[in-house]
1. Quote the FRET efficiency, to the nearest 0.05, computed for A:LEU102 versus B:ASP73 with a Förster distance R0 of 45 Å and r equal to the Cβ-Cβ distance.
2. Quantify how strongly other chains surround peptide A:42-51 by giving the mean number of their Cβ atoms within 10 Å of each of its Cβ atoms.
3. Classify segment A:176-260 as rounded, prolate or oblate from the Cα gyration tensor: take a ≥ b ≥ c as the square roots of its eigenvalues, call it rounded if a/c is under 1.5, otherwise prolate when a/b beats b/c and oblate if not.
4. Could you pull the Rg and Dmax for chain A, using just the Cα atoms, both in Å?
5. Using only the alpha carbons of chain B, determine the length spanned along each of the three principal axes and report them from longest to shortest in whole angstroms.
6. For a protection proxy built on the mean count of beta-carbon atoms within 10 angstrom, sort B:164-174, A:192-202, A:259-269 highest first, please.
7. Partner chain Cβ atoms within 10 Å, averaged over the residues of B:366-374 - can you pull that number for me?
8. By the gyration tensor of its Cα atoms, with a ≥ b ≥ c the square roots of the eigenvalues, what is the shape of segment A:1-149: rounded for a/c under 1.5, prolate for a/b over b/c, or oblate?
Amino acid sequence: MSEKITLKINNIDVTVSAGATVLDAARKLKIKIPTLCNHPDICVAGNCRVCVVEQKDSGALPAACATPAAEGMEIHTNTRRVREARKAVISLLLSEHNNDCLRCYKNGNCELQELATEYTVEADRYISILKDYGVDKSSPSIQKDDSKCVRCQRCVRTCANLQDVSALWISGKGRKNKISTFMDKTIDYVVCTNCGQCVNRCPTGALTEKNYIEEVWGAIDDPSKHVVVQTAPAVRVALGEVLGCETGSRVTGKMVTVLKRLGFDRVFDTNFTADLTIIEEGHELLRRLSEKLRDGKDVPLPQFTSCSPGWIKYAEHVFPEILDYLSTCKSPQQMFGALAKTYYAEKAGIDPADMVVVSVMPCTAKKFEAARPEMNSSGFRDVDCVITTRELGHMIKQSGIDFNNLEESLCDSLLGAHTGAAVIFGATGGVMEAALRTAYEVVTGRAVPFENLNIIPVRGMNGVREASVKIEGCLSKWKFLEGAELKLAIAHGLVNARKLAKQVAEGRSPYHFIEIMACPGGCLGGGGQPIPTNMDIRMKRMDAIYSEDESLEFRKSHDNPEVIRIYEDFLKEPLGKRSHKLLHTRYTERGRYRTLNR
Amino acid sequence: MDSSTRERRIAEHKKRVNLIFKKCVWDDFLDRALEMSPEDMLEKVKESGLRGRGGAGFPTWLKWKFAREAEADEKYVICNADEGEPGTFKDRAILQEQAGKVLPGMLVCAKVIGAEKGFIYLRGEYAYLLPALSQEVENFNEKIREKGERFSIEIKLGSGAYVCGEETALIESLEGNRGEPRNKPPFPVSEGYLGKPTVVHNVETLVYASIIISEGPECFKSLGTSDSAGAKVFCISGDTDLDEGIYELEMGMTIKEFVELFSDGDIKAVQVGGASGHCVPRKKFADTIIGFEGVPTGGSMVLFNSSRSMYNVLHNYLEFFEEESCGQCTPCRIGCQQLLKGIEAVKSGEKPSEYLDDLVKLAGMMKISAKCGLGQSAANPFISIVEHFREEIMY
């Protein structure tokens, strides 16, 4: 596709590759054409008609996003007809919209609001045809308010194109057209992985995370509660975006300071349990390999990672036959909750009944995960409240703290120390890399044979990646692995996960270890991260993650001093009795839909 | 003039044509057609001046030429029998009585473009035609297989959405998806069913193609006008004192001639082309030609006499569109609802009559910015009725 096309936009020549749209060509000239249904991560729809332009010799106004650039085309983006059509489209959308902006969670970060402002549209130009919709608050993760939906179908395309879930689909024709679910059931009822990718791409307030900001303030304000907070690795490379920093800024130290100032009693780090996950999950993998290769047992291999709750729920719904292949390790968030209410409570002399564990996650699925009934191994609900990066942003703004001028500080000890291996959990391929850094050293006594510990082959943004590591010079205990080639695969985005899961389900997977992250780019592109999202933004967050890794003193999970200490003082050994109780879990076969007689 | 007299007059009328429904023996048609080269067939269709009979009037030969020139391993011919335009019922009759002329039309098209597979997309409500039509298709497939042809036809049933008459929505539906129009370009002739070059034709177009190949382009070209060659099957309904029905007439009549033929004279408006067509008021009857140079129609001709409220007529059409818009694009989904709400509000006095001017502007915007033909034409009855019968909408 090297063919070049030259066209004129607003009388300026521009040359683009064949396949480019008029919108692409205009962007190349830095001419802004407003869009609503268009999103760079998903296929073109051409539905909203906000991007209409004038094309010479055409009576109609084509949609720039859906019109291929053609040789000799003459386009005008700012004629009277174009402005009037756009204005009418926006007015029509407002006539169907719940215009209660002041009470909308997305107020100030809404693409429709922005368009209405730019085009000075009066909300009452046409008669209101807003219908009476209830707000679906059934899911612990995602809230759906059809009264704010513009039918751009970005969520539908996201759910289908990126995630292969299709929990959201279009129903009804004409005035009854809306974004719906299977048989118009509530979100908690249908096959939804809670990944929140739809939320990340919703231009308005129709799809938002279920927010728990008031619950967190309530816990902080309650003097009888001891409130501890954990933050996931991907939060620190994205939080800055909602607070006026450049995309890709690392704000770890400031984030810790602000959490202390917000009133949390202890500020810990999910990275600590990410390191712990590596120890547990790495040993689990080695155990499976031993049993298979040394003892010849029929052990489920490859082993899938289990950190991503969107992936877990997807597997429970769509691939129940491979649940035994999933690592039994809880996610770092849940390991943290279980340890905070046991190990930390014991050390600090706090009654776990009075403790509130809050997590700040790049993820909406974590809200569901924390609410799983089995996540109570401490004797209490292990994690009480999950807020997203965006919700923390709101809390910081509400507090009036000047975030950008804060000094930096470190997490509290006991559950706060972490290594670079934990930080890279936030990027696709990171868990794989962290696991290799540890497992290779356990088996050979030597560091992984990659320069500066950077295992480049597992990094990147390709949807499915594979790599292999040859194990040489094993310690005597692991002699059966000598010369073995460990085959690895990584997928992010559930549409890619499906390919690897399907291989396993059909018994033809060539791999030993597979990392899956539900969201594009991994957690850094999670459903709880700042909006907007696109490849450029995700790449910048990824760069920040890897530079954070390189900046740290310890870069291998087994070097984390607090991890070493917790095994000495509390857990005793990986996969031990206590680990089994607190750090491991089981999965539930969920089927394609729940029984209909609810 | 009593109705039987008029029926006789119509039967003898100089514009009356008998091509499609003529009883004739077509046994040797296939042999004759299959002897012809695709180039010859294309040339004959080009010479005839045949344009699409669904209403849009795209030159048939050009569609074939584009699909013929498109490079692909598979190509498809689709017979659009999703006849849903209000006031149109000709395809039903053609398929019932003359399916034997439709299927060869598909074969001819397939030979020209190089397709081996054809579909008849049959309107869901026409399911009762299925047994007879299936038998006909089966026999036809068998017959051409014996002649060594690889082409075969399959019938697929629609599910009742008006929008699936739009060719790209039809293709989506045929692929098993929700029936929603696609962006154009690419047009189906380059990327249609399963992404392959596809020609979608109205039932009537295919019949005329058969006739042109069988009897030569002259029989068609000699009729009609230069822009609108040939004849057309019209569906007459509304205030006619005849039985509502189907008449094959030469193209290019004025509406005045038409009304004189089919009514007792008390007609104040004719809706040409169904719900998505134009309403022509009496004062324009004499100088409005039925055809591509005047008002085109897919066949529907609805006559309204002086007892009819044009508000009710328009209200009915807008209710139809508010429901039958697929709903994906903003101008059509919300525009149709606004036009309906708008005339109700003006009628009831909630909005001043000037609000109609805002709505006319809105309708104009729908015409130029909607995604597909449905949305672009949904505003037609509104624009023409408000222009000519404004008082009836207001009071």
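No lab work stands behind these numbers, since they all come straight from the coordinates. Computed from a predicted model, the values in this text were never measured in an experiment. All Cβ positions, even for glycine, are placed from backbone atoms using ideal geometry, and neighbour counts span all protein chains on display.
1. Calculated transfer efficiency: 0.20.
2. If you average over the peptide's residues, the count of other-chain Cβ atoms is 4.
3. Oblate.
4. Cα radius of gyration and Dmax of chain A are 25.2, 80 Å respectively.
5. Computed over chain B, the largest-to-smallest principal extents equal 69, 50, 37 Å.
6. Working: B:164-174: 25.5, A:192-202: 28.8, A:259-269: 21.0.
Highest to lowest by the protection proxy: A:192-202, B:164-174, A:259-269.
7. 5
8. Prolate.
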